[in-house]
Amino acid sequence: MSMNFFKNLWGLIMNPNINPLSNITNLKVRHMIMQILAFLWCGVFSLYIVDSLYVFGITAIAHSLLIAAIVVTAYVFYTAKNKPQVFDGKSGKQ
């Protein structure tokens, strides 16, 4: 199996612009649903594989931090592309 197969498979599940959640037009709702699914799977793996609520807490926090970092990075990139003056300290004041 090629790397593209796994990349496409990953996108079908994890990319909300490709998976069925792409039908939800509200980006905030789509993000919240992905967050809920992340917590769901944290719980499933923690309880099923490790049989520990402690591990659930760790994985839930880790998923939250990872997703938050992705969202912050995407927002910074979006702002840099569409409103670069925000980073120049010239946001509206001349």
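The values are calculated or read from the model by the stated rules, or taken from the named source; none is laboratory data. Fair warning: this is a prediction, and the values are worked out from it, not measured in the lab. Every residue, glycine as well, gets a Cβ built from its backbone with ideal geometry; the counts of neighbours run over all protein chains shown. Each accessible area value is taken on the protein alone, full model and side chains, heavy atoms only, with ligands, DNA and RNA left out. Shrake-Rupley method; radii C 1.70, N 1.55, O 1.52, S 1.80 Å.
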**Item:** Which numbered condition Ala38 misses (of (1) out of contact with any Phe, Trp or Tyr (no Cβ under 7 Å at 6 or more places or on another chain); (2) modelled with pLDDT under 80; (3) among the hydrophobic types (A, V, I, L, M, F, W, C))
**Value:** (2)
**Prompt:** If Ala74 satisfies every condition in (1) modelled with pLDDT of 80 or more; (2) open to solvent by less than 100 Å² (accessible area, probe 1.4 Å); (3) over 18 Å from the mean Cα position of the chain (by Cα) but one, which is the exception?
**Reply:** (3)
**Item:** Tabulated pairs, segment 26-43, first under 17 Å from Thr59 (Cα atoms) and of a type in the set (A, V, I, L, M), second open to solvent by less than 90 Å² (accessible area, probe 1.4 Å) and part of a helix (DSSP H, G or I), C-beta under 6 angstrom, 6+ apart or interchain
**Value:** Ala38/His63
**Prompt:** Assuming Pro16 fulfils every condition listed in (1) open to solvent by 60 Å² or more (accessible area, probe 1.4 Å); (2) in a loop (DSSP other than H, G, I, E, B) apart from one, which condition is it?
**Reply:** (1)
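Among the residues of segment 44-57, what is the count of those that are without any contact (Cβ under 8 Å) to a residue 12 or more places away in the chain and either under 14 Å from the mean Cα position of the chain (by Cα) or under 22 Å from Gly11 (Cβ atoms) (or both)?
Number of matching residues: 1.
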**Message:** Let me spell it out: the conditions are (1) open to solvent by less than 70 Å² (accessible area, probe 1.4 Å); (2) in contact with a helix residue (DSSP H, G or I) (Cβ under 8 Å, 6 or more places away or on another chain), and Ala68 meets all of them except one. Which number is the exception?
**Reply:** (2)
**Request:** Please go through segment 38-56 and pick out each residue that is open to solvent by less than 70 Å² (accessible area, probe 1.4 Å) and in a helix (DSSP H, G or I).
**Result:** Ala38, Cys42, Gly43, Val44, Ser46, Val55, Phe56
**Item:** Verdict on Ser22 being assigned to a helix (DSSP H, G or I) and either open to solvent by 100 Å² or more (accessible area, probe 1.4 Å) or without any contact (Cβ under 8 Å) to a residue 12 or more places away in the chain (or both)
**Value:** yes
**Request:** Would you mind stating whether Thr79 is over 12 Å from the mean Cα position of the chain (by Cα) and not in a helix (DSSP H, G or I)?
**Result:** no
**Prompt:** Is there a residue in segment 58-65 that is touching a residue at least 40 places away in the same chain (Cβ under 8 Å) and open to solvent by less than 100 Å² (accessible area, probe 1.4 Å)?
**Reply:** no
**Asked** Got a number for residues in segment 1-11 being modelled with pLDDT under 85 and either within 19 Å of His63 (Cα to Cα) or of a type in the set (Phe, Trp, Tyr) (or both)?
**Response** 3
